[in-house]
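*Asks:* Let me give you the structure first, and then I'll get to my questions.
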Amino acid sequence: MRISLQNLSFAYDSRPVLEGITLELGEGEILALVGPNGSGKSTLLRNLAGILRPTAGSVYLDFKELQKFTPRELARLFGAVEQERHVGFDFTVRELVELGRLPYLGRLERLGPEDRAAVWRAMALTHIEEFADRPISTLSGGERQRVFLAIALAQEPKALLLDEPTAHLDINYQLEIMEIIRERARAGLTVIMALHDLNLAAQYADRMALLHRGRVLALGRPEEVLTPERIKEAFGVEVAITRSYPTGAVQVQLLPPARAGQGLARLGPDEGRDEDGGG
Ligand code: ADP
């Protein structure tokens with residue numbers, strides 16, 4: 001699904017939080033939203049999902065305005081994983097993933113064979129079949145995160161909206177989640193995800209949008225967006241940018257404040273690349 005945001009603005013009460021956001025995403029593209037805490041990433045995702053209504057501007061999904069879709073249609077188009085992931089009852093993994101089929105069921109209607117097939121497909125894609133009958137409370141953080149992704153995939157959406165899908169996970173689980181997301185994007189899902197880890201974003205995103213105070217400070221390929229100047233402007237820290245040797249992805253290295261000037265001089269862009277053998 002193509003997603004287009006035209007000059008989107010949003011305010012909580014009268015406090016502006018997003019201002020003039022314009023973005024275009026193609027089918028199967030992965031866009032990472034990065035930026036400091038409070039820059040508006042979650043608010044942008046909620047505007048896209050139709051949970052919040054923009055105060056100005058518009059969102060188009062395959063050229064149709066978002067406001068013209070019913071909530072049920074939007075629930076079929078978007079699989080969302082929100083940042084706050086609490087489960088009130090101790091559901092089993094399978095029962096939770098079945099919730100992903102709600103947008104397809106009538107009131108009091110039970111799951112049909114197609115729904116069950118979609119649930120198992122989603123569990124297979126996220127490698128959680130073996131946990132199907134376990135209560136969610138007995139799973140580790142990384143396993144649980146995969147369950148939330150499975151709920152979103154069981155919706156058989158055309159796009160994924162993910163708010164910090166790897167938050168609080170060990171690196172092995174971070175990679176596992178990102179690999180599943182990349183695989184789904186290759187299968188055609190459009191992905192927009194808020195990520196606080198710039199290096200993980202650089203490694204997996206086709207493009208990045210750097211948000212700062214509710215505006216897009218930079219939009220483009222990771223190597224275009226992640227520059228020391230922009231990161232300094234958005235986050236107020238000094239960094240050096242290098243290339244990862246095995247993947248070729250740009251990598252952000254924090255420099256300690258006292259040595260920042262010295263470090264930048266020593267690790268100029270060309271030198272950094274040579275040292276890492278990439279580029
Ligand atoms: P991010 O996801 O980048 O951390 P958020 O979208 O959560 O940023 O927040 C952007 C701004 O909107 C912050 O200043 C935050 O305090 C404010 N905000 C978030 N949610 C609400 C809300 N429900 N009511 C009022 N202000 C909010």
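*Asks:* Could you grab me the full set of residues in segment 219-230 that are in contact with an Asp or Glu (Cβ under 8 Å, 6 or more places away or on another chain) and either assigned by TED's automatic domain parsing to the domain that holds A194 or charged (D, E, K, R) (or both)? Spell out the reasoning first.
*Replies:* Of all residues in segment 219-230, those in contact with an Asp or Glu (Cβ under 8 Å, 6 or more places away or on another chain) come to 221, 228.
Within segment 219-230, just R221 meets the criteria.
*Asks:* Of all residues in segment 96-105, which are out of contact with any strand residue (DSSP E or B) (no Cβ under 9 Å at 6 or more places or on another chain) and either open to solvent by 30 Å² or more (accessible area, probe 1.4 Å) or at pLDDT 95 or above (or both)? So that I can check it myself, show each step before the final result.
*Replies:* Initially, segment 96-105 is screened for residues out of contact with any strand residue (DSSP E or B) (no Cβ under 9 Å at 6 or more places or on another chain), giving 96-99, 101-105.
Within segment 96-105, L96, V97, E98, L99, R101, L102, Y104 meet the criteria.
*Asks:* Looking at this structure, is R146 part of a helix (DSSP H, G or I) and open to solvent by 30 Å² or more (accessible area, probe 1.4 Å)? Give the steps one after another, and end with the answer.
*Replies:* Values: part of a helix (DSSP H, G or I): yes; open to solvent by 30 Å² or more (accessible area, probe 1.4 Å): no.
In short, no.
*Asks:* Determine if segment 135-144 includes at least one residue that is more than 23 Å from Y245 (Cα to Cα), modelled with pLDDT under 95 and among the basic types (K, R).
*Replies:* Yes, some residue in segment 135-144 is more than 23 Å from Y245 (Cα to Cα), modelled with pLDDT under 95 and among the basic types (K, R).
*Asks:* Would it be correct to say that G79 is more than 16 Å from the ligand (Cβ to nearest atom), at pLDDT 95 or above and assigned to a helix (DSSP H, G or I)? Reasoning before the result, please.
*Replies:* Numbers: more than 16 Å from the ligand (Cβ to nearest atom): yes; at pLDDT 95 or above: yes; assigned to a helix (DSSP H, G or I): no.
The answer is no for G79.
*Asks:* Can you tell me which residues in segment 17-52 are free of Cβ contacts under 8 Å to residues at least 24 places away in the same chain and in contact with a helix residue (DSSP H, G or I) (Cβ under 8 Å, 6 or more places away or on another chain)?
*Replies:* Result: no residue meets the conditions.
*Asks:* Within segment 12-51, track down each residue that is part of a loop (DSSP other than H, G, I, E, B) and closer than 19 Å to R184 by Cα. Break it down into steps so the answer makes sense when it comes.
*Replies:* Of all residues in segment 12-51, those part of a loop (DSSP other than H, G, I, E, B) come to 13-14, 26-29, 35-40, 50-51.
Once the filter is applied, which keeps residues that are part of a loop (DSSP other than H, G, I, E, B) and closer than 19 Å to R184 by Cα, segment 12-51 yields G26, E27, G28, E29.
*Asks:* Going by the conditions given, is F63 aromatic (F, W, Y), open to solvent by less than 20 Å² (accessible area, probe 1.4 Å) and in the same structural domain as R182 (by TED's automatic domain parsing)?
*Replies:* no
*Asks:* Within segment 86-95, can one find any residue that is assigned to a helix (DSSP H, G or I) and open to solvent by 30 Å² or more (accessible area, probe 1.4 Å)?
*Replies:* Filtering segment 86-95 down to residues assigned to a helix (DSSP H, G or I) leaves 93-95.
Checking which are open to solvent by 30 Å² or more (accessible area, probe 1.4 Å) leaves us with 94-95.
Scanning segment 86-95, I find at least one residue that is assigned to a helix (DSSP H, G or I) and open to solvent by 30 Å² or more (accessible area, probe 1.4 Å), so the answer is yes.
*Asks:* Could you tell me which residue of segment 1-44 is least open to solvent (accessible area, probe 1.4 Å), considering only residues that are of a type in the set (D, E, K, R) and more than 11 Å from the ligand (Cβ to nearest atom)? Walk me through how you get there before you give the answer.
*Replies:* First pass over segment 1-44, keeping only residues of a type in the set (D, E, K, R): 2, 13, 15, 19, 24, 27, 29, 41.
Filter once more, so that each one left must be more than 11 Å from the ligand (Cβ to nearest atom): 2, 19, 24, 27, 29.
Values: R2: 97, E19: 66, E24: 84, E27: 132, E29: 33 Å².
Among those residues, the one meeting the criterion is E29.
*Asks:* Further question on the same structure: From the residues in segment 239-253 that are in a strand (DSSP E or B) and polar (S, T, N, Q), which one is farthest from the ligand (Cβ to nearest atom)?
*Replies:* Looking only at segment 239-253, we keep the residues that are in a strand (DSSP E or B), and these are 239-243, 250-253.
Still in the list and also polar (S, T, N, Q): 242, 251, 253.
Working: T242: 26, Q251: 22, Q253: 23 Å.
Checking each candidate, the answer is T242.
*Asks:* A further question follows. Scan segment 112-128 for residues that are loosely packed, with under 13 Cβ neighbours inside 10 Å and either part of a helix (DSSP H, G or I) or under 25 Å from the mean Cα position of the chain (by Cα) (or both) and jot them down.
*Replies:* The first filter runs over segment 112-128 and keeps only residues loosely packed, with under 13 Cβ neighbours inside 10 Å, leaving 112-114, 117, 124.
Scanning segment 112-128 gives P113, E114, A117, A124.
*Asks:* Let me ask something additional. For the list (1) touching a Phe, Trp or Tyr at 6+ places or on another chain (Cβ under 9 Å); (2) small (G, A, S); (3) without any contact (Cβ under 8 Å) to a residue 40 or more places away in the chain, I need the number of the one condition that S14 fails.
*Replies:* Going through (1) touching a Phe, Trp or Tyr at 6+ places or on another chain (Cβ under 9 Å); (2) small (G, A, S); (3) without any contact (Cβ under 8 Å) to a residue 40 or more places away in the chain one by one, S14 breaks only (1).
*Asks:* Can you name the residue in segment 45-74 that is within 15 Å of the ligand (Cβ to nearest atom) and among the β-branched types (V, I, T) and is also farthest from I177 (Cα to Cα) among such residues? Before the answer, list the steps.
*Replies:* Our first condition is that a residue be within 15 Å of the ligand (Cβ to nearest atom); within segment 45-74, this holds for 45-49, 51-55.
The next check asks that each one be among the β-branched types (V, I, T); those that pass are 51, 55.
Numbers: I51: 25, T55: 33 Å.
Checking each candidate, the answer is T55.
*Asks:* Condition first: under 12 Å from L210 (Cα atoms), within 12 Å of the chain's Cα centre (by Cα) and of a type outside the set (A, V, I, L, M, F, W, C). Now tell me which residues in segment 32-50 satisfy that.
*Replies:* K41
*Asks:* Something else: Give T190, T166 a once-over and let me know the one that is in the same structural domain as L125 (by TED's automatic domain parsing), at pLDDT below 95 and within 27 Å of L18 (Cβ to Cβ). Give the steps one after another, and end with the answer.
*Replies:* On the way: T190 fails: at pLDDT below 95.
That would be T166, the only listed residue that is in the same structural domain as L125 (by TED's automatic domain parsing), at pLDDT below 95 and within 27 Å of L18 (Cβ to Cβ).
The values are calculated or read from the model by the stated rules, or taken from the named source; none is laboratory data. Keep in mind it's a predicted model, so treat the numbers as computed, not measured. Glycine gets a Cβ as well: all are built from the backbone with ideal geometry, and neighbour counts include every protein chain shown. Surface areas here come from the heavy atoms of the whole protein model, side chains and all, with no ligands, DNA or RNA. Shrake-Rupley method; radii C 1.70, N 1.55, O 1.52, S 1.80 Å.
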